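The values are calculated or read from the model by the stated rules, or taken from the named source; none is laboratory data. Predicted model only: the values in this text are computed from it and were never measured. Note: ideal-geometry Cβ built from the backbone for every residue, glycine included; neighbour counts use all protein chains shown. Accessible surface areas use protein heavy atoms only, side chains included; no ligands, DNA or RNA. Shrake-Rupley method; radii C 1.70, N 1.55, O 1.52, S 1.80 Å.
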Amino acid sequence: MKKKNAAALMAAAMAASLLVGCGGAASSETTSTAESKPAESTAASSAATEADETLTVWAWDPNFNIYALKQAEAIYQKDHPNFKLNIEENVYSDIETKLITAATSEDYSTLPDIFLMQDYSFHKMVANFPGIYTDLTDSGLDWDKFSGGKLADSTVDGHHYGLPFDNGASVMAVRSDMIENAGLTVDDFKDLTWSEFEEKAQKVVDANGVPMLTSSGGSELIIEMMQSAGASPVVDGEVKIADNAALKESLTVYKDMVDKGILAEYTDWDQYIASMNDGKAAGVINGCWIMSSVQAAADQSGKWAIVNMPKLDGIDGATNYANCGGASWAVSSNCKNTELAYDFLKSTFGSSVELYDDLLPNAGAIASYLPAAESDVYNQPSEFYGGQTVYKDIVEFAGKVPAFDCGAYYSDVRSALTDAVTNIVQNNADIDSEMQNAQDTVEFNIAG
């Protein structure tokens, strides 16, 4: 398989912050091991003194990721009083651009010690620019404390290049009052297949006069449906779209729901969010980060609940769990003190329930670290969600997400599937033909 040239990847990086990520399992297409450290940075590491306890980190969003870094710094300083983080704020598209620039110039000295990366980018970047990363596989981090689905995002050919941070587990947020208007309960919407869901959703639609679900259009929900069955669009380095049974079932269900008025599409993001807040839909399926938008309607407190998403009928390995979005921490090949970086990550984002207990109420960050679900903070009932312990439930959802392979060409897969969904829904195009078109498009882009 040909790699995309640096110019194409640079252009993709400029638009990266507009995309929402999905996971990616290990692919044999990608480089089996990244260069752990260029010669010049190895020398720099050897020259570092024990007194130098400063790590430079790139991240974005002062109220979320950067807040998390500052809290992690404070926790680590309890046992390491000389430790300091030099936090440099960069929007995500700039981070990718800087990484690509360093790699193409083979000057890694511009890189920080640690950087945050959107999960969907790991496979693409490791495949094309392995010299950026330090392999974390033997860093001492306990990988068993994170879900396989989340880890797959940053795992390439069995090697770990990222430590999971925020949780993107998919949830179905539903209006409990609208469900009750239809003579049903929230429990009736748990652990369903899509056919069972459609039957019950139709009752909610009829009783309330609004769609059961709202969607932002495109391929986002389709990809979540595929992932919930562990069905990858790329298998062992080969595109598997045209003959993908889970994808065909996902497209069939999606089209059926639109036709029946169970699902409404909003291509404008503001209208999509407004449809939840204005009572124009009885629910939404997306990554758990969508909850902050749901909760913007304070007058609806107590009228919402969180359940898992439906699973595909007749597909082996289908589950009620997927992931949409999220980011992970990476250590660069320019890290001057990898042992310090390893220990900082291990002691904070890799093991500190105290840290995640702070981030949940103060930054809205839901942990990917599975033991966080056992804490008192995560077990507090949410008034907005009718007293449900939603955060504990979400972490448990995350632990059940199947691994998913988007390979190094997630953006290409997503774009091709968006075209397919649009043609199927709006133009009644043949599903099999659109799947083949998507297959041909992705293969052409990979070869080009």
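Applying the condition of being in contact with a helix residue (DSSP H, G or I) (Cβ under 6 Å, 6 or more places away or on another chain) and either closer than 25 Å to Val395 by Cβ or among the polar types (S, T, N, Q) (or both) to the range 268-284 and asking which residue is most open to solvent (accessible area, probe 1.4 Å) yields Ile273.
Residues that are more than 12 Å from Val239 (Cα to Cα) and either among the hydroxyl-bearing types (Ser, Thr, Tyr) or open to solvent by 50 Å² or more (accessible area, probe 1.4 Å) (or both) within the range 404-422 comprise Ser411, Ser415, Thr418, Asp419, Thr422, listed in sequence order. Residue count for the range 216-226 satisfying the condition of being crowded, with 23+ Cβ neighbours inside 10 Å and either among the hydrophobic types (A, V, I, L, M, F, W, C) or more than 17 Å from the chain's Cα centre (by Cα) (or both): 4. Just one of the numbered conditions (1) surrounded by 24 or more Cβ atoms within 10 Å (Cβ to Cβ); (2) in contact with an Asp or Glu (Cβ under 9 Å, 6 or more places away or on another chain); (3) under 27 Å from Gln436 (Cβ atoms) is not true of Ala242: (1). Within the range 344-357, the residues that satisfy the criterion of being crowded, with 19+ Cβ neighbours inside 10 Å and over 18 Å from Asp393 (Cα atoms) are Phe344, Leu345, Thr348, Phe349, Gly350, Ser352, Leu355. For the range 162-170, check the following and say yes or no: at least one residue is crowded, with 21+ Cβ neighbours inside 10 Å, farther than 15 Å from Ala327 by Cβ and of a type in the set (Ser, Thr, Tyr). Looking for residues that are crowded, with 21+ Cβ neighbours inside 10 Å, farther than 15 Å from Ala327 by Cβ and of a type in the set (Ser, Thr, Tyr), one finds at least one in the range 162-170, hence yes. Please verify whether Pro112 is open to solvent by less than 50 Å² (accessible area, probe 1.4 Å), in a loop (DSSP other than H, G, I, E, B) and modelled with pLDDT of 50 or more, treating the condition exactly as stated. Against the criterion (open to solvent by less than 50 Å² (accessible area, probe 1.4 Å), in a loop (DSSP other than H, G, I, E, B) and modelled with pLDDT of 50 or more), Pro112 qualifies. May I ask you to verify whether Ala152 is in contact with a Cys (Cβ under 8 Å, 6 or more places away or on another chain) and open to solvent by less than 20 Å² (accessible area, probe 1.4 Å)? Against the criterion (in contact with a Cys (Cβ under 8 Å, 6 or more places away or on another chain) and open to solvent by less than 20 Å² (accessible area, probe 1.4 Å)), Ala152 does not qualify. Checked against the criterion of being touching a strand residue (DSSP E or B) at 6+ places or on another chain (Cβ under 6 Å), farther than 17 Å from Lys303 by Cα and surrounded by fewer than 21 Cβ atoms within 10 Å (Cβ to Cβ), the range 176-196 contains one or more residues that satisfy it. Counting only helices (runs of 4 or more DSSP H) that fall entirely inside the range 350-448 and contain at least 1 residues that are over 29 Å from Pro164 (Cβ atoms) and touching a helix residue (DSSP H, G or I) at 6+ places or on another chain (Cβ under 6 Å), the qualifying elements are 410-427, 431-447. Within the bounds of the range 273-288, is there any residue that is assigned to a loop (DSSP other than H, G, I, E, B) and either under 29 Å from Ser232 (Cα atoms) or in contact with a Gly (Cβ under 6 Å, 6 or more places away or on another chain) (or both)? Within the range 273-288, not a single residue is assigned to a loop (DSSP other than H, G, I, E, B) and either under 29 Å from Ser232 (Cα atoms) or in contact with a Gly (Cβ under 6 Å, 6 or more places away or on another chain) (or both). For the range 325-345, a residue qualifies if it is part of a helix (DSSP H, G or I) and under 14 Å from Phe165 (Cβ atoms), and the qualifying residues are Phe344, Leu345.
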